[in-house]
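What follows is a short report on a single structure.
The values are calculated or read from the model by the stated rules, or taken from the named source; none is laboratory data. Just so it is clear, the model here is predicted, and its values are computed rather than measured. So basically every Cβ, Gly included, is an ideal-geometry build from the backbone, and we count neighbours across all protein chains shown.
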Amino acid sequence: MPQPRIDLHTHSAVSDGTDSPTEVVARAARLGLAGVALTDHDTDAGLAEAFAAGQRYGIEVIGGMEVSTKYAGRSVHLLAYGVDAAAPELAAELARIREGRADRLGPVLAKLAELGVGVSEADVRAQVGDSPSVGRPHIADALVAAGHVRSRREAFDRFLADDGPAHVERYAVDLERALRLVRDAGGVAVIAHPWGRSTRGVLTPEVLSGLAAEHGLDGIEVDHQDHNPPVRRQLRRLASQLGLLATGSSDYHGTGKVDHELGCNTTAPEVADALRSLMAQRSPH
Ligand code: AMP
Ligand code: FE
Ligand code: FE
Ligand code: ZN
């Protein structure tokens, strides 16, 4: 019998994906996945719709989100499952992060104008749709719509990437504080793509070990497109040494990110079971 496949990291148009939450869940069902977690950036606003779609399409939906944090000056994405996003301290941080994205828009647009690829704030707003925050991918979409670049990828490669000429820093919550807020709000905390481009040299085995032992980190994403096979092997071994959950996921963004098709990486059933029992232990009910 084939093993049930569960994808623990996906985005809808409630952040910077292109499918509605219902479409993400319907697509997961169509692809034969047993379960899917919706993990939009810094918001749980898509979850009610996703849960309803899970009922309709007969597949398990796990509630989550991907929190923008920073560690040693680098951007680190923290997946939080089963977390109460309305817990006051966490809710305040999430709002601050979303505002930080919006505040950055003007300065980024000024840089783009200087670089000869101007778009207006209205052009960007036209791309935002249902998302409660304005991310770089939406700015990328406006550049595509204006004919300055052909794809989101080209927009990032030429202008918007972390080391690109139009990048502007924005607010993110300190990782150790985020771990505490997520755990206090009943969540299970898993670092997304820990050895992807921006954090490879920063989240060393020693750092991850400390985060697990002292700050309540529960897991790391191992199977992710940003990790090549040797990196996956090293991270899997590390997770097992540190007693961390080793998850796998697509980081699906609809048409917004190529080579991240839903279900391209999935989480082992026993890891999904362990995640569910942690969620159940921590839920206030
Ligand atoms: P923001 O949160 O507004 O800073 O935008 C970050 C989002 O942009 C990430 O969640 C990704 O979806 C996307 N992103 C970041 N870097 C890249 C890149 N180099 N290429 C394509 N998409 C990227
Ligand atoms: Fe994203
Ligand atoms: Fe991420
Ligand atoms: Zn993501």
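Can you name every residue in region 1-17 that is within 16 Å of ligand 3 (Cβ to nearest atom) and either out of contact with any Phe, Trp or Tyr (no Cβ under 8 Å at 6 or more places or on another chain) or not polar (S, T, N, Q) (or both)?
Filtering region 1-17 down to residues within 16 Å of ligand 3 (Cβ to nearest atom) leaves 7-12, 14-17.
Once the filter is applied, which keeps residues that are within 16 Å of ligand 3 (Cβ to nearest atom) and either out of contact with any Phe, Trp or Tyr (no Cβ under 8 Å at 6 or more places or on another chain) or not polar (S, T, N, Q) (or both), region 1-17 yields ASP7, LEU8, HIS9, HIS11, SER12, VAL14, SER15, ASP16, GLY17.
Which of the residues that make up region 65-81 are within 12 Å of ligand 3 (Cβ to nearest atom) and among the small types (Gly, Ala, Ser)?
Initial filter on region 65-81 (within 12 Å of ligand 3 (Cβ to nearest atom)): 65-69, 75-79.
Those that are within 12 Å of ligand 3 (Cβ to nearest atom) and among the small types (Gly, Ala, Ser): SER68, SER75.
It is to be established whether one or more residues within region 32-43 are modelled with pLDDT of 95 or more, under 16 Å from THR267 (Cβ atoms), of a type in the set (S, T, N, Q) and crowded, with 17+ Cβ neighbours inside 10 Å. So far as region 32-43 goes, yes, one or more of its residues are modelled with pLDDT of 95 or more, under 16 Å from THR267 (Cβ atoms), of a type in the set (S, T, N, Q) and crowded, with 17+ Cβ neighbours inside 10 Å. Residues of region 1-21 that are over 12 Å from the mean Cα position of the chain (by Cα), more than 13 Å from SER131 (Cα to Cα) and either within 15 Å of ligand 1 (Cβ to nearest atom) or not in a loop (DSSP other than H, G, I, E, B) (or both): ILE6, ASP7.
Taking the criterion of being surrounded by 22 or more Cβ atoms within 10 Å (Cβ to Cβ), within 12 Å of ligand 1 (Cβ to nearest atom) and assigned to a loop (DSSP other than H, G, I, E, B), the residues of region 244-260 that qualify are ASP251, GLY256. Residues that are within 13 Å of ligand 1 (Cβ to nearest atom), within 17 Å of the chain's Cα centre (by Cα), modelled with pLDDT of 95 or more and among the hydroxyl-bearing types (Ser, Thr, Tyr): does region 191-203 have at least one? Within region 191-203, not a single residue is within 13 Å of ligand 1 (Cβ to nearest atom), within 17 Å of the chain's Cα centre (by Cα), modelled with pLDDT of 95 or more and among the hydroxyl-bearing types (Ser, Thr, Tyr). Kindly list the number of the only condition in (1) closer than 24 Å to HIS41 by Cα; (2) out of contact with any Gly (no Cβ under 6 Å at 6 or more places or on another chain) that fails for LEU244. Only one criterion in (1) closer than 24 Å to HIS41 by Cα; (2) out of contact with any Gly (no Cβ under 6 Å at 6 or more places or on another chain) is unmet by LEU244, namely (2). When we screen LEU160, LEU112 for residues that are within 20 Å of HIS193 (Cα to Cα) and not small (Gly, Ala, Ser), the only hit is LEU160.
Do we find that LEU109 is within 16 Å of ligand 3 (Cβ to nearest atom) and touching a residue at least 24 places away in the same chain (Cβ under 8 Å) in this structure?
Working: within 16 Å of ligand 3 (Cβ to nearest atom): no; touching a residue at least 24 places away in the same chain (Cβ under 8 Å): yes.
No: the conditions fail for LEU109.
Which of the residues belonging to region 224-237 are surrounded by fewer than 20 Cβ atoms within 10 Å (Cβ to Cβ) and either of a type in the set (A, V, I, L, M) or away from ligand 4 (no atom under 16 Å from the Cβ) (or both)?
Hits for region 224-237 are ASN228, PRO229, PRO230, VAL231, ARG232, ARG233, GLN234, ARG236, ARG237.
This table checks each residue for (1) modelled with pLDDT under 95; (2) more than 17 Å from LEU203 (Cβ to Cβ).
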position	(1), (2)
GLU221	no, no
HIS227	no, no
ARG232	no, no
ARG237	no, no
ALA246	no, no
LYS257	yes, yes
CYS264	no, yes
PRO269	no, yes
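Out of the residues in region 196-223 that are over 17 Å from SER75 (Cα atoms) and within 16 Å of ligand 4 (Cβ to nearest atom), state the one that is surrounded by the most Cβ atoms within 10 Å (Cβ to Cβ). Quick ask: steps written out before the conclusion?
We begin by selecting, within region 196-223, every residue over 17 Å from SER75 (Cα atoms); these are 205-206, 209-210, 212-216, 218-219, 222-223.
Those still in the list that are within 16 Å of ligand 4 (Cβ to nearest atom) too: 219, 222-223.
Working: GLY219: 26, VAL222: 29, ASP223: 20.
Checked region 196-223; the qualifying residue surrounded by the most Cβ atoms within 10 Å (Cβ to Cβ) is VAL222.
Can you confirm whether region 182-198 contains a residue that is touching a residue at least 12 places away in the same chain (Cβ under 8 Å), within 20 Å of GLY256 (Cα to Cα) and in contact with a Lys or Arg (Cβ under 6 Å, 6 or more places away or on another chain)? Don't jump to the end; show me each part of the working.
Just the residues of region 182-198 that are touching a residue at least 12 places away in the same chain (Cβ under 8 Å), to begin with: 182-198.
Checking which are within 20 Å of GLY256 (Cα to Cα) leaves us with 192-193, 196-198.
Those left that are additionally in contact with a Lys or Arg (Cβ under 6 Å, 6 or more places away or on another chain): 198.
Checked against the condition, which is being touching a residue at least 12 places away in the same chain (Cβ under 8 Å), within 20 Å of GLY256 (Cα to Cα) and in contact with a Lys or Arg (Cβ under 6 Å, 6 or more places away or on another chain), region 182-198 yields at least one hit.
List the helices (runs of 4 or more DSSP H) that sit entirely inside region 112-188 and contain at least 3 residues that are within 16 Å of ligand 3 (Cβ to nearest atom) and under 17 Å from the mean Cα position of the chain (by Cα). Outline the logic, then answer.
Details: elements: 121-128, 136-145, 152-155, 175-184.
Of the helices (runs of 4 or more DSSP H) lying wholly inside region 112-188, those with at least 3 residues that are within 16 Å of ligand 3 (Cβ to nearest atom) and under 17 Å from the mean Cα position of the chain (by Cα) span 136-145, 175-184.
Exactly one residue out of VAL222, VAL271 is closer than 18 Å to LEU8 by Cα, away from ligand 3 (no atom under 13 Å from the Cβ), among the hydrophobic types (A, V, I, L, M, F, W, C) and in contact with a helix residue (DSSP H, G or I) (Cβ under 8 Å, 6 or more places away or on another chain), and it is VAL222.
Please state which one of VAL108, VAL128 is within 18 Å of HIS11 (Cβ to Cβ) and of a type in the set (A, V, I, L, M).
Numbers: VAL108 fails: within 18 Å of HIS11 (Cβ to Cβ).
After applying the criteria, what remains is VAL128.
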